[in-house]
Amino acid sequence: MDKTAMFVGGAVGATLALFVITVLFISPPESMKTDIPDRYEQNAVGQTTSFGSLSLIEIFENSESGVVRVNVQRDTGDEISGVIGSGFVFDKKGHIITNEHVIKDATKVIVTFLDGRSYNAKIIGTDEYTDIAVIRVNVDPVLLSPLPIGDSANLKVGEGIAAIGNPFGLSGSMTSGITSQLGRLLPSGSGYSIPDVIQTDAAINPGNSGGPLLNLRGEIVGINTAIQSATGEFTGVGFAIPSQTLVKIVPTLIKNGEYKHPWIGISGRDIDPDLANILNLGEAVGFLIITVIEDSPASKAGLAGSDDTVTVDGINYLVGGDIILAVDGIEVRKIDDILLHLQRAKSVGDEMIIKILRDDKITDVHLVLQERPGG
């Protein structure tokens, strides 16, 4: 059954067909109602705040002062529209983390704490490719309660988690559930998918965007960003950007206002059983390069795209391109493995060693990663 992805955030939502799932980036219309911060000296990233699990009551009481409501105004030219999202305090300098799609095209951003205090916020940096944004409020540091950042790499499927935010504008709401899966690839409106995403069954609804996903030690392990839904409301599948991505992206956003993502410059398809038979491969693993972008790192390194077509049972298959078997010694079974490695371990200017199968011979190709062009 065909489904449609809705990106909600203004007076009118945009629609985009993405694979076979419906993804709703969760910020409803309001009518629904420098320097790397020194937080690392105060709360080391990945530092455990408790040796044991906290109760859900304790998690909420420990976190509520650091979770905020984000109200955004947008001027579309014809009218002023508003959206509501969530966010959380990152450091004592007033930096607050939310989603990029929440504050996109904002003309005014207001942050409201759970006790009712409200402040105008300044947009410091955004990254549409990971849907992360940093805003800042100018307030007395004693009023700020940064939340501890945990390590999402330690999450296990089935582990309990909790989400805090402002669903449908209902401030300070908390839900709980489990980590349903890790390392998901999330389609986005940027032209590039977001890798390494956490899937959860904790109830997440429009207005939760930008709020924290916490483990049972009260540490942030993700940023709630989207749901899979055909109705626009939660149906059991939510997604969060992992804290591993947050701690890599946020300091650069604070310092430079943007983050430069590494890029290879290829497109293609995963090797499935039918394609493996056509190519006489013993196993359906790897990624077949179909297109190599001109002047990209892949092009400069000599990687080859597909140059021939084979028809089997009436279906045309592009063949002849290099097959990627591994990157930097990590086996590639599908494109997710490449994107995950780029997100976690690579930066612009880094070298990458790509093991390929070409003309029945395995060889290593060295390339230097460039900055990702616009989507």
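Tell me the strands (runs of 3 or more DSSP E) entirely within the range 98-152 that contain at least 3 residues that are at pLDDT 95 or above and out of contact with any helix residue (DSSP H, G or I) (no Cβ under 9 Å at 6 or more places or on another chain).
108-113, 118-127
Name every residue in the range 199-248 that is in contact with a Lys or Arg (Cβ under 8 Å, 6 or more places away or on another chain) and at pLDDT below 90, in order of residue number.
The answer is 230, and nothing else.
For residue 338, are the conditions met, namely being under 29 Å from the mean Cα position of the chain (by Cα), buried (at least 19 other Cβ atoms within 10 Å of the Cβ), of a type in the set (Val, Ile, Thr) and not in a strand (DSSP E or B)? Walk me through it before giving the result.
Values: under 29 Å from the mean Cα position of the chain (by Cα): yes; buried (at least 19 other Cβ atoms within 10 Å of the Cβ): yes; of a type in the set (Val, Ile, Thr): yes; not in a strand (DSSP E or B): yes.
Spelling it out, residue 338 is indeed under 29 Å from the mean Cα position of the chain (by Cα), buried (at least 19 other Cβ atoms within 10 Å of the Cβ), of a type in the set (Val, Ile, Thr) and not in a strand (DSSP E or B).
Residues that are crowded, with 17+ Cβ neighbours inside 10 Å, over 24 Å from residue 217 (Cβ atoms), among the aromatic types (Phe, Trp, Tyr) and in the same structural domain as residue 244 (by TED's automatic domain parsing): does the range 105-118 have at least one?
Checked the range 105-118: no residue is crowded, with 17+ Cβ neighbours inside 10 Å, over 24 Å from residue 217 (Cβ atoms), among the aromatic types (Phe, Trp, Tyr) and in the same structural domain as residue 244 (by TED's automatic domain parsing).
Please work out which one of (1) within 13 Å of the chain's Cα centre (by Cα); (2) among the small types (Gly, Ala, Ser); (3) more than 28 Å from residue 92 (Cβ to Cβ) is the condition residue 160 fails and give its number.
That leaves (1) as the condition not met.
Among the residues of the range 163-186 satisfying the criterion of being polar (S, T, N, Q) and within 21 Å of the chain's Cα centre (by Cα), which is surrounded by the fewest Cβ atoms within 10 Å (Cβ to Cβ)? If you could, list the steps in order and put the result at the bottom.
From the range 163-186, those polar (S, T, N, Q) are 166, 171, 173, 175-176, 179-181; that's our starting set.
Next, from what is left, pick out any that are within 21 Å of the chain's Cα centre (by Cα): 166, 175-176, 179-181.
Values: 166: 30, 175: 21, 176: 18, 179: 23, 180: 18, 181: 15.
For the range 163-186, the residue satisfying everything is 181.
Go through the range 190-222 and count every residue that is more than 21 Å from residue 158 (Cβ to Cβ) and surrounded by 21 or more Cβ atoms within 10 Å (Cβ to Cβ).
Matching residues across the range 190-222 total 9.
Select from the range 307-332 the residues that are in contact with a Gly (Cβ under 7 Å, 6 or more places away or on another chain) and among the charged types (D, E, K, R) and list them in ascending order. Lay out the reasoning, then the answer.
Of the residues in the range 307-332, the ones in contact with a Gly (Cβ under 7 Å, 6 or more places away or on another chain) are 307-308, 321, 323-325, 332.
Matches in the range 307-332: 307, 308.
Results for (1) part of a loop (DSSP other than H, G, I, E, B); (2) not acidic (Asp, Glu), shown as yes or no for each residue.
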residue: 260; (1), (2): yes, yes
residue: 274; (1), (2): no, no
residue: 277; (1), (2): no, yes
residue: 281; (1), (2): yes, yes
residue: 294; (1), (2): yes, no
residue: 299; (1), (2): no, yes
residue: 324; (1), (2): no, yes
residue: 349; (1), (2): yes, yes
residue: 354; (1), (2): no, yes
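Would you tally the residues in the range 366-375 being surrounded by 18 or more Cβ atoms within 10 Å (Cβ to Cβ) and in a strand (DSSP E or B)?
Total meeting the criteria: 2.
Looking at the range 54-77, which of the residues that are in a helix (DSSP H, G or I) and not aliphatic (A, V, I, L, M) is nearest to residue 90 (Cα to Cα)?
66
Does the range 302-325 contain at least one residue that is crowded, with 16+ Cβ neighbours inside 10 Å and closer than 22 Å to residue 245 by Cα?
no
The values are calculated or read from the model by the stated rules, or taken from the named source; none is laboratory data. For clarity, every value in this text was computed on a predicted model and none was experimentally measured. Quick reminder, even Gly has a Cβ in these numbers, built from the backbone with ideal geometry, and neighbours come from all protein chains shown.
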